Amino acid sequence: MESGTTGLFLHEIEPELQRIAQKHAEEYRGAQPFPHVVLDDVFPADVLDAALEDWPGPDDIDWTVYDNAN
């Protein structure tokens with residue numbers, strides 16, 4: 001999968017993501033100490049690799065740095 005195509009892929013699998021969300025909704029709402037759910041292997045590795053390629057690296061962003069005694 002080429003970089004920049006992650007959004008197209010997500011559009012293609014949206015019905016499956018909706019099904020997964022509905023299947024795990026109760027588990028999510030009832031999880032402690034806060035609502036959460038862990039979903040393994042939802043996305044193929046090439047999709048995740050493409051997302052990482054699109055994500056900016058730590059040196060690609062102008063960060064705001066605070067240096068104070070608080």
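The values are calculated or read from the model by the stated rules, or taken from the named source; none is laboratory data. This one's a predicted model, so the numbers in the text were calculated from it and none came from an experiment. Positions of Cβ are backbone-derived with ideal geometry, glycine not excepted, and every protein chain shown enters the neighbour counts. Areas reflect the complete protein model, heavy atoms only, side chains present, ligands, DNA and RNA absent. Shrake-Rupley method; radii C 1.70, N 1.55, O 1.52, S 1.80 Å.
The mean accessible area for residues of the chain, using a 1.4 Å probe and ignoring ligands and nucleic acids, is 90 Å² per residue.
As a fraction of the 1.4 Å probe accessible area of the chain, surface on carbon and sulfur atoms comes out at 54 percent. Look at (1) 12.6; (2) 14.3; (3) 15.3: the one that is Kirkwood radius over Cα pairs in Å derived from this structure is (3). Per residue, the chain reaches -13000 deg cm²/dmol at 222 nm when only DSSP H runs of four or more residues are counted, each adding -39500 (n - 2.57).
Ranked highest first by average number of other Cβ atoms within 10 Å, how do 58-65, 28-35, 42-49, 12-19 line up?
Most protected by this proxy first, the peptides run 42-49, 12-19, 28-35, 58-65.
With the charge dipole of the chain set up from +1 on Lys and Arg Cβ and -1 on Asp and Glu Cβ about the Cα centre, the Cα lying farthest toward the positive end among the listed residues 31, 55, 65 is that of 31.
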